[in-house]
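Here the structure is laid out as C-alpha cells; the discussion comes afterwards.
What follows draws every value from the coordinates through simple rules; no lab data is involved. Keep in mind it's a predicted model, so treat the numbers as computed, not measured. Methodologically, a virtual Cβ is constructed for each residue, glycine included, from the backbone with ideal geometry; neighbour enumeration extends over all protein chains shown.
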Amino acid sequence: QRSTVSEWLAEEVSNGDPTQLATWFRTLNESKAVSLCSTHAATWRLPFCIRGTYTKSRRDVSQTPFFVPSNQEDHLSQKMVRKGISSIEEEICTPLSLLGCGGISNQNNENVWSTAFGEGGDKAGATVYGMCKFHASGREDMDVRMLLPPPSVVKLAEKTNIKITARPFVCEVFDAHRLPCKIDLDRVVKAVNCSDSIDDKTPPTKVNGKDLEKDKNGWPRTLAEPNQNYGRNPIGVGVSYPLGIVPSSSFSGLQSETEEKVKFYACVCWTDVFIASDDELIGKLGCAKLGSEEDINNQSPPYKYPLEIHQSTPLRVLHRRSSDVRSRFIMGLSAKRIDDHWFRLRLSTSAGTYVKEFVHGDCGRTLPSIQSMLGGRTDITELDCEGMAI
C-alpha cells in the first residue's frame with residue numbers, strides 16, 4: 001500500500017496514464033469525504049526570449065506605458081494621465097503575443113485559479129504568470145527619436161570596423177500558447193512595421209533634397225534621412241528583420257551592453273552667440289564639419305576629440321538618482337551652421353553621457369559643455385539617437 005498521495009501521483013505520472021489520473025482528480029473533487037481538500041493541476045510553457053532591434057521616428061511615443069498624476073500637487077488622490085500616444089512595448093509585445101505566440105495563457109494567474117477554488121480572485125498584488133515582458137538596452141526620452149545611422153556615420157563605422165544598429169531589445173514571453181517559428185516571427189515584423197515586406201524601411205522624408213524644415217514656431221526641425229527607421233508604422237515604431245529566439249543569457253547581457261557601448265546622436269541647437277560661418281563654429285568647438293566625419297584626421301583646426309567631460313547628476317533626474325560627479329567621453333563631434341544663431345551637431349559618446357546637459361551645461365554642472373565652449377547661452381531643441389555600436 002502506498003504511504004502517501006504524493007507517491008501515488010508520482011507513480012501515475014511516470015506510468016504516463018493521464019486518463020486514470022484525470023478520473024481520480026474528478027472523483028476526489030466530487031467526494032464529500034474530502035470537502036476540506038482541493039486539488040489543482042497546472043501545465044505551463046517555460047519562458048523563452050525573442051531578440052531584435054527597434055527604431056522610433058516620433059517624439060510622442062514612450063518606451064513603456066507612461067502615466068503621471070493629473071494634479072502634480074496631489075499625487076495620492078488624483079487619477080493618472082497618460083503621456084504620449086502609445087509605447088514601444090505595446091507596439092511590439094501585442095503583435096508578438098497574438099500573432100507570434102498564438103496568445104498568452106492566463107490560466108495560471110493567481111486571480112484565475114483562486115476564483116476557481118472559491119478563494120476570491122482579482123486581488124491586489126495577485127501573481128500574474130502569463131505575460132510578455134519588454135526589456136531594452138537602455139532607453140531614450142519620449143521626445144528623442146531612435147533612428148539608424150546616416151550615411152556619413154555608416155562610412156566612418158566601416159573605416160573603424162564598428163557595426164552600428166538600432167536599439168537592441170529582448171521580449172521575455174511566459175506561458176505562451178505556442179513557440180513561434182520563423183514564419184510566425186516574420187508575420188510579427190510585418191505587423192509591427194505595417195508593411196507587406198519583412199525588410200522594409202521608411203522612405204526618405206527630405207523635401208527637394210533638404211534635410212531641415214521649420215516648425216510652426218519657425219524653429220529648424222530635422223527630417224529623417226533615407227532608410228533611418230524600419231517600416232511604415234504611423235505610430236513610428238519599427239523592428240528589424242529577422243527577429244529570433246535567443247537564450248536567456250541574451251536578456252542578462254542587455255544591461256552590460258548599455259554600460260559599455262558607444263552611442264551616436266544628432267541634435268539641433270540654439271545659442272545667443274552670433275555665428276558668422278561654419279569655420280567659426282567648428283573653430284570654437286574644435287570639431288569636424290558635419291557630413292565629413294569619416295575624414296577627421298584632415299580637419300583644420302586640429303580635432304580635439306575624444307574629449308573628457310565631468311557631469312554631475314542632472315537636475316532633471318536628481319530626484320531619483322544619487323548625486324555624484326561622473327567622467328564621460330565625447331568620442332567624436334561634428335557641427336554645421338544653420339543660420340546666425342542655429343546649428344546642428346552630430347556626436348558619439350561613451351555610455352551614460354547626458355547629451356542634453358552636455359549642450360546647455362546644466363547650470364554649470366557639466367564641464368566642459370557646448371555652452372562653455374561657445375561662450376554664451378546655448379540650448380537644445382531636438383535630439384535624435386542615431387544608433388549604438390556593438
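At a glance:
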{"item": "Cα→Cβ-extended label distance, 7 Å offset, between LYS79 and ALA41, nm", "result": "4.6 nm"}
{"item": "Total charge dipole magnitude, the stretch 44-109, about the Cα centre, Cβ charges on Lys, Arg, Asp, Glu only, Debye to nearest 20", "result": "220 debye"}
{"item": "Length added when fully stretched, SER372-PHE67, from 0.36 nm per residue minus Cα-Cα", "result": "106.2 nm"}
{"item": "Per residue convex hull volume, Cα atoms of the stretch 225-363, in Å³", "result": "182 Å³"}
{"item": "Value of Rg/Rh across the stretch 324-377 [Cα atoms, Kirkwood radius]", "result": "0.97"}
{"item": "Coil-residue trypsin sites (Lys or Arg not before Pro) of the stretch 322-390, DSSP, other Cβ within 10 Å capped at 12", "result": "ARG377"}
{"item": "Computed label-point distance, nm, for sites ASP379 and ARG26 using a 7 Å Cα→Cβ extension", "result": "7.3 nm"}
{"item": "Loop-located chymotrypsin sites (Phe, Trp or Tyr not before Pro) in the stretch 257-293, at most 11 other Cβ atoms within 10 Å (DSSP)", "result": "PHE274"}
{"item": "Too-long pairs where the Cα-Cα distance tops 30 Å, listed order kept, from LYS133/LYS336; LYS79/LYS133; LYS216/LYS304; LYS56/LYS133; LYS56/LYS155; LYS182/LYS356", "result": "LYS133/LYS336; LYS216/LYS304; LYS182/LYS356"}
{"item": "Linear extension gain, GLN255 paired with LEU223, 0.36 nm per residue minus alpha-carbon span", "result": "8.4 nm"}
{"item": "Cβ-based charge dipole, the stretch 316-356, positive-most Cα from HIS341, VAL317, SER327", "result": "VAL317"}
{"item": "Listed peptides 283-292, 309-318 by packing density, highest first (mean Cβ within 10 Å)", "result": "283-292, 309-318"}
{"item": "Residues of the stretch 327-350 with amide N under 15 Å of the 7 Å Cα→Cβ point at LYS304", "result": "330-335"}
